[in-house]
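Enquirer: A single structure is presented below for examination.
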Number of protein chains: 2
Amino acid sequence: MAITTKDIAKMANVSQSTVSRCLNDSPMISEKTKKKVLKIAQEHGFQFNAHARSLSANRTYTIGVILPKSLFGFEGEMHFRSWQNELIESLEQMEFDVIVSFFENRFTKQNNIQRLLAAKKVDGFIILEPALDDETITILEQTDIPFIFCKYIPPFYKTRDVDFVCVDQFKGGYIAADHLIKQGHKRIMCISANHIGGEFGLRTEGFKAALRDNNLPYNDKMLFYGDTTFQSGYQVIKDNIEALRDITAIFAQNDLMALGAIQALKESGINVPEDIAMVGFDDIELCTFYQPYLTTVHQPTKEIAALTCKRLIEKLNSTELTLKQKLEISPTLVIRESCGINL
Amino acid sequence: MAITTKDIAKMANVSQSTVSRCLNDSPMISEKTKKKVLKIAQEHGFQFNAHARSLSANRTYTIGVILPKSLFGFEGEMHFRSWQNELIESLEQMEFDVIVSFFENRFTKQNNIQRLLAAKKVDGFIILEPALDDETITILEQTDIPFIFCKYIPPFYKTRDVDFVCVDQFKGGYIAADHLIKQGHKRIMCISANHIGGEFGLRTEGFKAALRDNNLPYNDKMLFYGDTTFQSGYQVIKDNIEALRDITAIFAQNDLMALGAIQALKESGINVPEDIAMVGFDDIELCTFYQPYLTTVHQPTKEIAALTCKRLIEKLNSTELTLKQKLEISPTLVIRESCGINL
DNA sequence: AGATTTAATGCATACGAATGCGTAAAATAA
DNA sequence: TTATTTTACGCATTCGTATGCATTAAATCT
């Protein structure tokens with residue numbers, strides 16, 4: 001059996017409550033006793049029994065991370081682990097554990113958020129799932145458990161008021177387009193995606209804004225849609241090869257579609273960057289495998305994860321942090337070969 | 001406040017113990033009471049307080065999954081999520097939650113396995129981390145908490161006796177080589193990797209065995225080493241271009257190295273499969289992006305994950321399952337283009 | 001019917017830590 | 001020195017569930 005506060009109390013000749021207070025660094029304990037108790041605890045490798053603690057203090061020191069059931073293409077899969085890693089690391093640094101779970105149990109059809117909530121297994125939620133439904137949000141809001149969206153912009157972000165931190169997608173679209181424009185491109189194709197989250201729409205908005213700010217015209221004929229996969233990027237080009245006549249550059253709203261598009265162009269004898277410039281979005285590792293190495297928009301995963309955790313824990317500790325907050329981090333452009341070499 | 005067994009007891013006019021027994025489906029309760037209590041519980045959306053339950057019953061219904069600190073190249077990252085998903089799904093099906101954690105806290109330098117163990121936060125461990133040290137294994141063995149290795153073969157698998165389930169790496173190497181041999185190839189290059197886990201060594205053994213069984217000679221000059229990355233596969237070819245004279249086929253022990261190798265070959269004017277046949281290992285999605293589509297060895301992730309969980313829960317439930325078990329699942333060959341088309 | 005076994009339920013306590021409240025000891029003030 | 005405040009600790013209870021044991025009610029046997 002593991003050692004308990006009661007055991008330590010006996011050894012230190014104090015009461016169990018005193019031990020508890022020492023270990024929690026209560027100010028009402030003398031330095032002498034504190035030192036004595038802490039020493040004994042250390043020597044015996046004492047660890048709190050998490051459940052006794054949670055039961056009594058109503059805090060679990062664990063955070064629920066809600067994962068997407070399915071990811072949206074290869075790109076999601078590839079980034080997924082770094083997102084998760086950063087979240088875990090940030091939370092572990094703050095001495096929290098993380099329970100990962102899908103939004104619902106595929107077998108029992110139970111809502112895992114509700115279940116974890118009712119069972120009191122977590123102190124709060126980080127939601128990496130863009131497809132969360134309105135009802136679950138409502139449930140979360142009705143309890144006072146803190147939760148925050150990370151990375152994915154919830155589809156209802158315009159109408160609902162929730163905490164979230166993500167990259168500034170608008171700005172990402174803007175800097176991608178701006179880079180192309182600054183290189184002299186005037187007729188740019190944009191490959192977006194219909195998607196549950198709001199990010200692709202925002203990238204498109206950023207793209208449009210950059211055109212506008214540079215006095216370039218925009219019309220919907222410049223806008224094409226894939227489904228985020230390599231194949232869809234490939235297919236968009238194949239299906240619209242004649243539309244390419246007027247175009248000197250392409251902004252593909254994720255790297256996979258960009259790479260698929262490059263491949264399709266290559267098969268049609270069109271070279272990147274010589275004939276057409278290309279910029280992607282995400283900065284996946286694959287960008288550095290096949291030439292031309294892709295110029296793309298990089299998302300600062302680590303910072304976003306850290307900020308998400310920081311904010312969540314803040315909400316956890318101060319009961320009166322009810323104001324919602326939208327935190328957007330600026331992405332950066334990483335310039336490689338696919339727009340030509342000129343700095 | 002959430003509803004408790006005591007509340008239900010009051011409503012049903014029975015004692016709290018009776019409620020507890022009903023909800024746990026104890027055989028010593030009459031059907032009538034059971035039905036009555038269950039109905040009330042259902043109507044009020046009762047959920048056990050996990051901590052009270054764990055404290056009292058000494059069971060947490062949560063499993064710790066130990067993740068690798070770093071993954072080994074892109075390939076690991078790509079597969080990672082499907083492994084994790086399958087594990088979570090399997091465990092949720094059995095009504096277990098999962099706490100994910102690294103082997104050690106990067107900041108406090110605490111051993112997370114020991115910590116979770118001492119805090120009683122988990123009932124058992126699934127270890128996806130190949131780099132676990134001997135000391136931690138010893139600690140785990142000394143407690144009676146069940147644990148099992150999944151996917152990665154621990155480096156000490158030859159000397160230590162632990163439960164694990166993974167793909168039959170030997171067989172994977174064997175079927176890859178056998179496929180090439182059956183197509184008439186006699187001089188085959190093998191690109192392996194020096195790696196912390198045991199899998200690459202086993203793939204090499206399988207490769208050798210296939211040669212032997214087909215009365216083909218083997219010598220160490222056929223064996224080359226990358227580090228599992230695309231770049232390393234590329235580099236192996238670049239550095240040994242003259243060795244290719246004698247060769248008609250290559251077995252690269254993972255897809256990334258295979259694709260890197262194909263790229264390097266292409267740059268030297270050597271085409272796959274026309275000039276050289278290639279077979280990889282892993283079946284990552286990237287295999288279907290660029291031609292030639294890679295023939296490769298597929299690992300049955302879902303089955304392995306499911307078996308891992310099943311076995312762990314079995315160990316959890318029967319205290320006398322002390323015999324260690326090594327469970328190896330056969331991989332399958334998925335034939336695409338990189339070995340030529342002939343069936 | 002009376003005795004005995006069996007089934008169904010309640011009582012009381014344990015699990016381990018947190019915490020409000022009371023109190024003794026120490027420090028300060030009068 | 002005595003009165004008063006402050007500091008440091010202990011006592012007792014609580015959190016919600018599980019479970020051994022006692023008890024009552026029902027069923028079976030003689």
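Enquirer: Between residue A:276 and residues 5 or more places away or on another chain, which pairs have amide H atoms under 5 Å apart, with H built 1.01 Å from N, and which residues are they?
Expert: HN-HN under 5 Å from residue A:276: A:271.
Enquirer: If you don't mind, another one. Rg to Rh ratio, the stretch B:177-318, alpha-carbon atoms and Kirkwood radius? Let's see the in-between values first.
Expert: Numbers: Rg = 16.7 Å, Rh = 15.9 Å.
In the stretch B:177-318, Rg relative to Rh is 1.05.
Enquirer: As a test of the definition: which semi-axes, in Å, follow for the stretch A:5-153 when you take the square root of five times each eigenvalue of its alpha carbon gyration tensor? Largest first, please. It would help to have the intermediate numbers written out before the result.
Expert: Working: eigenvalues 305, 59, 31 Å².
Semi-axes (√(5λ), whole Å): 39, 17, 12.
Enquirer: Still on this structure: Based on the inverse mean of 1/r over its pairs of different Cα atoms, what is the Kirkwood hydrodynamic radius of the stretch A:240-343, in Å?
Expert: 15.9
Enquirer: Compute the label-point distances linking residue B:6 to its equivalents in the other copies; points lie 7 Å from Cα along Cα→Cβ; give nm, one decimal, shortest first.
Expert: Values, ascending and in nm: 2.0.
Enquirer: I need the per residue convex hull volume for the protein assembly as shown, using only the alpha carbons, in cubic angstrom as a whole number.
Expert: Working: hull volume 139.1 nm³, N = 686.
Per-residue hull volume (Cα only) is 203 Å³.
Enquirer: In Å and from the alpha-carbon atoms only, list the Rg and Dmax of the stretch B:161-245.
Expert: For the stretch B:161-245, the Cα-based Rg and Dmax read 13.7, 44 Å.
Enquirer: Here's something else I'd like to know. What are the distances, in nm and sorted shortest first, from the label point of residue A:135 to the label points of the same position in each other copy, with each label point placed 7 Å from Cα along the Cα-to-Cβ direction?
Expert: Copy-to-copy label distances at residue A:135, shortest first: 5.1 nm.
Enquirer: Name the longest site-free stretch of chain A, where the excluded sites are GluC sites (Glu not before Pro) in a DSSP loop with no more than 14 other beta-carbon atoms within 10 Å. Before the final figure, lay out the partial values.
Expert: Values: sites that count: A:95, A:274, A:320.
Formally, the longest exposed-site-free interval is A:96-273.
Enquirer: Please state the charge dipole magnitude for the protein assembly as shown, taken about the Cα centre, from unit charges on C-beta atoms (+1 on K and R, -1 on D and E), reported in debye and rounded to the nearest 20.
Expert: On the way: 76 positive and 86 negative charges, 498 e Å.
Charge dipole of the protein assembly as shown: 2400 debye, to the nearest 20.
Enquirer: Still on this structure, I have one more. Where Rh is the Kirkwood radius over the Cα pairs of chain A, the temperature 4 °C and the viscosity 1.567 mPa s, what D in µm²/s does Stokes-Einstein return? The partial results should precede the final answer.
Expert: Details: Rh = 22.8 Å.
Value of D from the Cα-based Kirkwood radius: 57 µm²/s.
Enquirer: Size of the dipole of the stretch A:1-150 about the Cα centre, Lys and Arg at +1 and Asp and Glu at -1 on the beta carbon, nothing else charged, in debye to 20? Could you put the intermediate results ahead of the total?
Expert: Working: 17 positive and 19 negative charges, 238 e Å.
My answer is approximately 1140 debye.
Enquirer: So for the stretch B:293-343, what percent of the C-alpha to C-alpha distances run longer than 15 Å? Intermediate values should be presented prior to the final figure.
Expert: Values: 777 of 1275 pairs.
The calculated P(r) of the stretch B:293-343 puts 61 percent of pairs beyond 15 Å.
Enquirer: Okay, next question. With 19 Å as the cut-off, how large is the P(r) tail for the stretch B:119-186, expressed as percent of Cα-Cα pairs? Walk me through the numbers before you get to the answer.
Expert: Details: 1055 of 2278 pairs.
Considering the stretch B:119-186, 46 percent of its Cα-Cα pairs are separated by more than 19 Å.
Enquirer: If exposed trypsin sites (Lys or Arg not before Pro) are those in a DSSP loop with at most 16 other Cβ within 10 Å, what is the longest stretch of chain A that has none? It would help to have the intermediate numbers written out before the result.
Expert: Details: sites that count: A:59, A:69, A:106, A:109, A:158, A:160, A:186, A:187, A:324.
It runs A:188-323.
Enquirer: Give me the percent of Cα-Cα pairs in the stretch A:267-320 that sit more than 18 Å apart, rounded to a whole number.
Expert: Result: 56 percent of Cα pairs exceed 18 Å.
Enquirer: How large is ³J(HN,Hα), in whole Hz, for each residue of the stretch B:274-286 in order, when computed from phi with the Karplus curve 6.51 cos²θ - 1.76 cosθ + 1.60 and θ = phi - 60°, using x for Gly and Pro?
Expert: Residue by residue, the stretch B:274-286 yields 3, 8, 9, 8, 9, 10, x, 7, 2, 6, 7, 4, 4 Hz.
Enquirer: For each pair in A:109/B:326; B:158/B:238; B:6/B:35; A:171/A:221, compute the distance between the two Cα atoms and list the pairs where it is over 24 Å. Let's see the in-between values first.
Expert: Numbers: A:109/B:326 33 Å; B:158/B:238 35 Å; B:6/B:35 17 Å; A:171/A:221 22 Å.
Exceeds cut-off: A:109/B:326; B:158/B:238.
Enquirer: Something else about it: Quick one: length gained pulling residue A:288 to residue A:215 fully straight, 0.36 nm per residue minus the C-alpha distance? Can you show the working numbers first?
Expert: Values: separation 73, 0.36 × 73 = 26.28 nm, distance 3.35 nm.
Between residue A:288 and residue A:215, full extension yields 22.9 nm more.
Enquirer: For residue A:193, list long-range residues whose amide hydrogen, built 1.01 Å from N in the peptide plane, is under 5 Å from its own amide hydrogen.
Expert: A:226
Taken together, the values in this text are just the output of simple stated rules run on the coordinates, not laboratory data. Treat the numbers as computed from the prediction; the structure is a model and nothing was measured. Reconstructed Cβ throughout: ideal geometry from the backbone, glycine too, with neighbour counts over all protein chains shown.
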